[in-house]
Amino acid sequence: MTATEPTRQEVWFVTGSQHLYGDAVLAEVERHSTEIAASLSAATCMPAPFVPRAVLASAEAIRALCLAANADDRCIGVVAWMHTFSPARMWIAGLGALQKPLAHLHTQFNRELPWADLDMDFMNLNQSAHGDREFGFLAARMGLRRTVVAGHWQDPGVIDRMRVWARAAAGWDEAQHLRVARFGDNMRDVAVTEGDKLQAQVRLGPSVNSYGIGDLVRAVGETSDSDVDTLVGRYEDEYRLVAPLRRGGERHASLRDAARIELGLRAFLADGGFMAFTDTFEDLGGLAQLPGIAVQRLMADGYGFGAEGDWKTAILVRLMKVMGAGLDGGTSFMEDYTYHLGPGEATVLGAHMLEVCPSIAADTPTGEIHPLSIGRRDDPVRLVFTAAPGPAIVAGLVDLGDRFRMVVNRIELVAPGEELPKLPVARAVWRPQPDLATAAEAWILAGGPHHTALSQALTVAHMADLAEIAGVEIVAIDERTEPTLLRQQLRWTDAYYRSVGR
């Protein structure tokens with residue numbers, strides 16, 4: 001698996017029936033199931049093919065398939081559809097054992113009824129209207145986490161919902177084997193970046209481990225001058241470097257230091273199989289400068305990142321990059337930094353010291369070098385740009401002690417109100433939904449973090465499906481949000497989680 005895109009996996013498309021109807025009906029059910037799966041697989045930007053499995057008509061076959069899905073690394077999720085009536089008690093053992101994400105597609109093969117020719121043979125074959133209700137009852141009775149999608153399988157809305165769920169399933173699959181490297185610890189005395197790494201692995205899957213900054217310094221020291229030459233050449237080709245950083249410029253040595261850090265960091269992550277990482281300006285050891293362009297380029301290649309030891313955001317950035325692979329727009333580590341409260345419409349200026357991913361840039365980034373007032377190291381090299389305008393989301397993950405909560409806000413990225421000639425960092429300006437005051441009040445009521453993952457590729461629906469799969473509480477802030485109602489919702493969920501535990 002590379003950092004740039006997830007390994008192509010598959011979704012198992014499962015159709016339920018029973019032997020009551022005879023072999024001819026089951027053969028017709030299988031033909032229809034195969035056609036639907038092929039159609040879904042062919043949809044634009046579907047992250048994985050839908051693979052039809054044999055029609056399930058007995059408890060033994062259902063359980064065997066669910067166990068096989070658990071054991072097959074290619075299977076990222078199961079879609080279930082009841083073409084005919086399938087007595088749900090047959091599904092108890094299988095669904096009780098299933099560990100992969102589950103989507104229930106409530107559809108039927110035919111779009112329209114053949115009114116003049118409608119007979120009982122047609123009725124017996126096309127029984128999704130009550131077959132899926134039988135299946136849905138059992139899933140509710142068993143308390144299964146699942147996504148339900150209803151409508152004809154050729155409708156654009158249904159295809160889009162299946163595409164969204166499949167991307168969430170791909171994110172969950174990534175979480176199950178994600179390894180996160182932490183160089184140093186959290187920024188001292190900060191609360192929100194703390195959390196229970198063990199419970200995160202139990203609930204979400206990622207393994208988070210810390211390494212001394214000396215381990216990274218050694219990897220940086222092992223880089224060769226020829227590799228540094230090659231990487232510096234790529235910087236010159238891919239970005240608009242300011243004159244002092246170019247060959248012969250008075251700060252060119254700093255660019256070489258930055259390239260050496262990137263090479264060492266890449267080697268360390270690749271050797272350990274890490275797809276996400278954190279660092280902190282409070283623990284730089286022998287590094288010449290705080291990693292800037294190195295972190296930005298690694299994120300552009302698909303790695304997750306969190307500043308100041310924020311491993312939860314590093315996980316979220318990586319999962320969202322996997323979920324958004326192949327879609328328009330990028331995903332980046334982000335921080336709500338400061339506000340424009342008027343005149344005109346209120347907006348958020350998001351940025352960080354250095355580490356914003358160029359996948360969200362509106363145009364070619366500029367390679368620059370500027371002083372950094374914290375970290376007490378040489379001036380760091382960074383890419384400077386402004387995020388492209390358009391719809392996006394910001395999402396944060398927090399540990400509330402008794403559960404994890406995901407907070408997501410729909411936003412609209414906009415151009416800055418004026419030029420920013422003295423701001424030497426990458427940045428994004430956005431208008432939160434429904435407005436800044438309401439969104440900020442809701443975010444703070446929900447305990448949302450100041451570090452987030454910003455994505456131009458994903459929507460609240462993607463994150464809601466991921467949260468459902470993971471069993472994580474989600475608070476969505478959008479144009480319908482009203483703080484009084486949200487406060488009630490938060491109290492209800494507090495009571496729920498205190499009763500059921502983590």
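The numbers here are math on the coordinates, done by the rules we state, and not lab data. All figures in this text were calculated on a predicted structure; none of them were measured in a lab. Here Cβ is always computed from backbone atoms with ideal geometry, including for glycine, and neighbour counts include all displayed protein chains.
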Q: Take the eigenvalues of the Cα gyration tensor for the range 348-502, scale each by 5, and report the square roots as semi-axes in whole Å, largest first.
A: 32, 18, 14
(Q) Run the paramagnetic zone check for Asn209: 7 angstrom along Cα to Cβ, then residues of the range 175-190 with backbone nitrogen under 17 Å. (A) 176-185
Q: Tally the DSSP beta bridges in the chain and give the antiparallel ones as a percent, rounded to 5.
A: 50 percent
Q: Please work out the Cα convex hull volume for the chain and give it in Å³ per residue.
A: 160 Å³
Q. Of all the Cα-Cα pairs you can form in the range 55-182, what percent are over 27 Å apart?
A. 25 percent
Q) What order do you get for 287-297, 416-426 when each peptide is scored by the mean count of other beta carbon atoms within 10 Å, highest first? A) 287-297, 416-426
Q: Quote the FRET efficiency, to the nearest 0.05, computed for Ala54 versus Glu282 with a Förster distance R0 of 56 Å and r equal to the Cβ-Cβ distance.
A: 0.45
Q. If the range 352-439 were replaced by its equivalent ellipsoid, with semi-axes equal to the square roots of 5 times the Cα gyration tensor eigenvalues, what would those be, largest first, whole Å?
A. 27, 20, 11
Q: Run the dipole for the range 402-445 about the Cα centre, Lys and Arg Cβ at +1, Asp and Glu Cβ at -1, nothing else charged, and hand back the magnitude in debye, nearest 20.
A: 180 debye
Q: Report the paramagnetic label zone for Met142: residues of the range 167-188 whose backbone N is under 20 Å from a point 7 Å from Cα along the Cα-to-Cβ axis.
A: 169, 173
Q. Which helices, taking whole DSSP H runs in the chain, have alpha carbons extending 24 angstrom or more along the helix axis plus mean Kyte-Doolittle at least 1.0?
A. none
(Q) Modelling each spin label as a point 7 Å along the Cα-to-Cβ direction, I'd like the Glu419/Arg133 distance in nm, to one decimal. (A) 6.6 nm
Q) In Å, the Kirkwood hydrodynamic radius of the range 170-251 over pairs of distinct alpha carbons? A) 16.6 Å
Q.
Per-residue counts of other Cβ atoms within 10 Å, averaged by peptide: what ranking do you get for 273-279, 136-142, 167-173, highest first?
A. 167-173, 273-279, 136-142
Q. Rounded to the nearest 500, what is the chain's calculated 222 nm mean residue ellipticity when only DSSP H runs of at least 4 contribute -39500 (n - 2.57) each, over all residues?
A. -12000 deg cm²/dmol
Q) Once the principal axes of the Cα atoms of the range 120-266 are found, what is the range along each, listed largest first in whole angstroms? A) 84, 38, 26
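Between beta-carbons, use under 14 Å as the cut-off and find the net charge around Gly264, counting Lys and Arg +1, Asp and Glu -1. Spell out each step's value before the answer.
On the way: positive: Arg218, Arg256, Arg260, Arg266, Arg297; negative: Asp215, Glu222, Asp225, Asp227, Asp257, Glu262, Asp271, Asp279.
The answer is -3.
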(Q) At 20 °C and a viscosity of 1.002 mPa s, what translational diffusion coefficient does Stokes-Einstein give for the range 104-177, taking Rh as the Kirkwood radius over Cα pairs? Give it in µm²/s as a whole number. (A) 148 µm²/s
Q: Compute the distance in nm between two label points, each set 7 Å from the Cα along the Cα-to-Cβ direction, one at Arg487 and one at Ala243.
A: 5.9 nm
**Q.** Local electrostatic count at Met334 - Lys and Arg +1, Asp and Glu -1, tallied over other residues with Cβ under 11 Å
**A.** -2
Q.
Place a point 7 Å from Cα of Arg218 in the direction of its Cβ. Which residues in the range 174-192 have their backbone N less than 20 Å from it?
A. 180-185
Q | Pair-distance profile P(r), taking every C-alpha pair of the range 310-356, with 10 angstrom steps and integer % | A | 23, 39, 29, 9
Q: Using a 10 Å cut-off on Cβ atoms, rank the peptides 175-183, 459-467 from the highest mean neighbour count down.
A: 459-467, 175-183
Q: Alpha carbons only, please: Rg and Dmax for the range 32-75, in angstrom.
A: 12.2, 35
Q) At Thr230 and Asn124, where each label point lies 7 Å from the Cα along Cα→Cβ, what is the point-to-point distance in nanometres? A) 6.8 nm
Q | Expected-Rg normalisation [2.2 N^0.38 Å, Cα atoms] applied to the range 43-104 | A | 1.14
Q: Counting residues in the range 261-333 as N, plug N into 2.2 N^0.38 Å and put the Cα Rg over that result.
A: 1.08
Q. For all pairs of alpha-carbon atoms in the range 414-502, what percent lies in each bin of width 10 Å, listed from the first bin to the last filled one?
A. 13, 39, 32, 12, 4, 0
(Q) Charges at C-beta only: +1 for Lys and Arg, -1 for Asp and Glu. How large is the resulting dipole of the chain about its Cα centre, in Debye rounded to 20? (A) 800 debye
